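A.B. asks: Okay, handing you the structure first.
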Amino acid sequence: MGLYHPVAIGSLTIPGNLFLAPVAGYFDRVFRSICIEQGADFTCTELVSSEALVRNPLYGALAHRASLEKNILSRGDNETRYAVQLFGSDPEVMYRATGLLAPYHPEAVDINCGCPVPKVTKTGAGSALMRNPVLLGRIVEAVVRGAEERLGGAPVTVKMRSGWDASSVNYRECARIAVEAGAALVSLHARTRSQGYAGTSDWSHIADLVSQVPVPVAGSGDLFSPEDAERMLRETGCAAVLFARGAMGNPCIFSAARSLLLTGSWELPTAEERLALGFRHLTHLATDIGEGSACREMRKQFCAYTKGLAGGAALRNRLVHAQTIGEYRDILSPLYRGSLSALFQEVGKN
Ligand SMILES: Cc1cc2nc3c(=O)[nH]c(=O)nc-3n(C[C@H](O)[C@H](O)[C@H](O)COP(=O)(O)O)c2cc1C
């Protein structure tokens with residue numbers, strides 16, 4: 001079998017093994033859609049609070065609820081297979097939150113056991129679950145039960161880190177307990193919670209986990225190029241790779257990685273292609289959450305879309321002040337021609 005191949009997650013078969021990682025604040029449903037168009041085989045929402053879903057069906061402020069539903073929980077038009085990621089530390093709440101996902105019909109539910117943010121860990125959720133593997137097992141069981149009752153038996157997956165800190169690397173134990181409790185795939189971000197996103201991830205943990213559990217392992221950590229994905233698949237034997245920061249502002253990484261795995265070579269997208277995708281991200285996001293919010297939201301996203309481009313820094317200095325789609329267009333269109341200009345004309349007509 002070549003390095004690019006289908007992945008069976010319980011009863012669900014994903015046709016390829018290039019996955020989009022959950023990334024809060026960046027990978028909204030518009031971006032997920034663009035990634036699928038560019039070749040991503042499976043996507044996942046960012047982490048969603050089980051407590052907030054269950055405690056208040058209105059999920060805090062109504063405006064936030066609308067944005068959560070439209071922008072994060074709902075699937076994109078071409079998103080035929082996606083997972084919703086939940087976080088929480090109470091099995092009963094996680095069970096009920098899983099049932100509340102029924103209107104979205106996710107193909108899988110992922111449990112967050114890796115988030116290092118104190119707001120999440122101080123409630124015992126995210127990476128703090130790795131300090132309490134018994135509770136982690138009960139949570140997986142609860143979500144599996146919820147998925148069986150309300151989501152047609154959608155498989156449950158778990159995304160974890162290597163451990164809480166260097167002195168407590170326990171991904172083996174946590175993954176074993178999660179699988180015994182019914183997890184059908186384990187994703188491993190091979191950094192500890194105390195590393196945050198710094199330093200390098202230790203891919204030897206991914207290779208080791210592959211040999212320890214009877215379910216597919218998806219590898220995460222430092223995938224910034226198609227070559228990184230190829231090397232992780234080859235060196236660790238993991239079933240799938242999760243692109244995270246490497247896909248920010250760079251959805252073409254999926255087509256490039258697929259091309260590398262299938263043909264041995266790939267081509268860099270042009271600056272115009274990348275910016276045109278960013279501009280489309282902006283205009284579609286405006287449809288979801290309104291022009292003002294989309295323009296604010298896209299400032300950080302455009303920092304990613306312009307990363308590494310000639311003249312990118314100057315462009316970013318101007319884009320961070322853009323408040324309307326028109327202002328984005330005015331800043332971008334004189335700099336690039338071709339596909340971008342065509343796209344701008346199209347948007348201008350609306
Ligand atoms: C800004 C940001 C937000 C993230 N949000 C989530 C999240 O919501 N759920 C999750 O499981 N992981 C989240 N992650 C972790 C990524 O999915 C991924 O595991 C991590 O970035 C390592 O991959 P990389 O080194 O290739 O970026 C986030 C990472 C970043 C940088």
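Every read-out reported here was derived from the displayed coordinates using simple, explicitly stated rules and does not represent laboratory data. Keep in mind that what you see is a predicted model, and the values were worked out from it rather than measured. Here Cβ is always computed from backbone atoms with ideal geometry, including for glycine, and neighbour counts include all displayed protein chains.
A.B. asks: Checking ALA142 against (1) over 22 Å from ALA240 (Cα atoms); (2) within 14 Å of the ligand (Cβ to nearest atom); (3) of a type in the set (Gly, Ala, Ser), which single condition isn't satisfied?
C.D. replies: Of (1) over 22 Å from ALA240 (Cα atoms); (2) within 14 Å of the ligand (Cβ to nearest atom); (3) of a type in the set (Gly, Ala, Ser), only one is false for ALA142: (2).
A.B. asks: Can you find a residue that is touching a helix residue (DSSP H, G or I) at 6+ places or on another chain (Cβ under 6 Å), farther than 26 Å from ALA257 by Cα and among the charged types (D, E, K, R) anywhere in the range 55-74? Steps first, answer last, please.
C.D. replies: Looking only at the range 55-74, we keep the residues that are touching a helix residue (DSSP H, G or I) at 6+ places or on another chain (Cβ under 6 Å), and these are 58-59, 67, 70-71, 73-74.
Cutting the leftovers down to farther than 26 Å from ALA257 by Cα gives us 58-59, 67, 70-71, 73-74.
From what is left, the residues that are among the charged types (D, E, K, R) are 70.
Yes, because at least one residue in the range 55-74 is touching a helix residue (DSSP H, G or I) at 6+ places or on another chain (Cβ under 6 Å), farther than 26 Å from ALA257 by Cα and among the charged types (D, E, K, R).
A.B. asks: Would you be able to tell me the number of residues in the range 146-163 that are outside any loop (DSSP other than H, G, I, E, B) and away from the ligand (no atom under 16 Å from the Cβ)? Step through it out loud before you land on a result.
C.D. replies: So in the range 146-163, the residues outside any loop (DSSP other than H, G, I, E, B) come out as 146-150, 156-163.
Then drop every residue that is not away from the ligand (no atom under 16 Å from the Cβ), which leaves 146-150.
Final tally of qualifying residues: 5.
A.B. asks: Give me the residue from the range 227-236 that is in contact with a Gly (Cβ under 9 Å, 6 or more places away or on another chain) and not hydrophobic (A, V, I, L, M, F, W, C) and, out of that set, nearest to the ligand (Cβ to nearest atom).
C.D. replies: Filtering the range 227-236 down to residues in contact with a Gly (Cβ under 9 Å, 6 or more places away or on another chain) leaves 228-229, 232-233, 236.
Add one more test, that the residue is not hydrophobic (A, V, I, L, M, F, W, C), and what stays is 228, 236.
Details: ASP228: 8, THR236: 14 Å.
Across the range 227-236, the extreme among qualifying residues is ASP228.
A.B. asks: For the range 212-257, how many residues meet the condition of being in contact (Cβ under 8 Å) with a residue 40 or more places away in the chain and of a type in the set (Lys, Arg)?
C.D. replies: 2
A.B. asks: Residues being over 10 Å from the mean Cα position of the chain (by Cα) and either within 15 Å of the ligand (Cβ to nearest atom) or of a type in the set (Lys, Arg) (or both): count how many of those fall in the range 32-52.
C.D. replies: Start the filter on the range 32-52 by keeping residues that are over 10 Å from the mean Cα position of the chain (by Cα), which leaves 33-41, 48-52.
Okay, now just the ones that are also either within 15 Å of the ligand (Cβ to nearest atom) or of a type in the set (Lys, Arg) (or both), so 35, 40, 48-50, 52.
The number of residues fulfilling the criteria is 6.
A.B. asks: Within the range 246-266, track down each residue that is out of contact with any Leu (no Cβ under 8 Å at 6 or more places or on another chain), assigned to a helix (DSSP H, G or I) and more than 28 Å from SER333 (Cβ to Cβ).
C.D. replies: SER259, LEU260, LEU262, THR263
A.B. asks: Still on this structure: Of THR287, THR306, which residue is of a type outside the set (D, E, K, R) and in contact (Cβ under 8 Å) with a residue 40 or more places away in the chain? Reasoning before the result, please.
C.D. replies: On the way: THR287 fails: in contact (Cβ under 8 Å) with a residue 40 or more places away in the chain.
After ruling out the rest, the residue left standing is THR306.
A.B. asks: Here is a further query. Would you pick out the residues in the range 5-31 that are of a type outside the set (A, V, I, L, M, F, W, C), buried (at least 19 other Cβ atoms within 10 Å of the Cβ) and more than 15 Å from the ligand (Cβ to nearest atom)? Step through it out loud before you land on a result.
C.D. replies: Keep residues of the range 5-31 that are of a type outside the set (A, V, I, L, M, F, W, C), which gives 5-6, 10-11, 13, 15-17, 22, 25-26, 28-29.
Next, only the ones that are buried (at least 19 other Cβ atoms within 10 Å of the Cβ) stay: 10, 16-17, 22, 28-29.
Answer for the range 5-31, where residues must be of a type outside the set (A, V, I, L, M, F, W, C), buried (at least 19 other Cβ atoms within 10 Å of the Cβ) and more than 15 Å from the ligand (Cβ to nearest atom): GLY10, GLY16, ASN17.
A.B. asks: I'd like to verify a number: residues in the range 189-226 that are within 9 Å of the ligand (Cβ to nearest atom), within 16 Å of CYS174 (Cβ to Cβ) and of a type in the set (S, T, N, Q), how many?
C.D. replies: 1
A.B. asks: Could you list, in sequence order, the residues of the range 164-218 that are buried (at least 19 other Cβ atoms within 10 Å of the Cβ) and part of a strand (DSSP E or B)?
C.D. replies: Answer for the range 164-218, where residues must be buried (at least 19 other Cβ atoms within 10 Å of the Cβ) and part of a strand (DSSP E or B): LEU185, VAL186, SER187, LEU188, HIS189, ALA190, ARG191, THR192, VAL217, ALA218.
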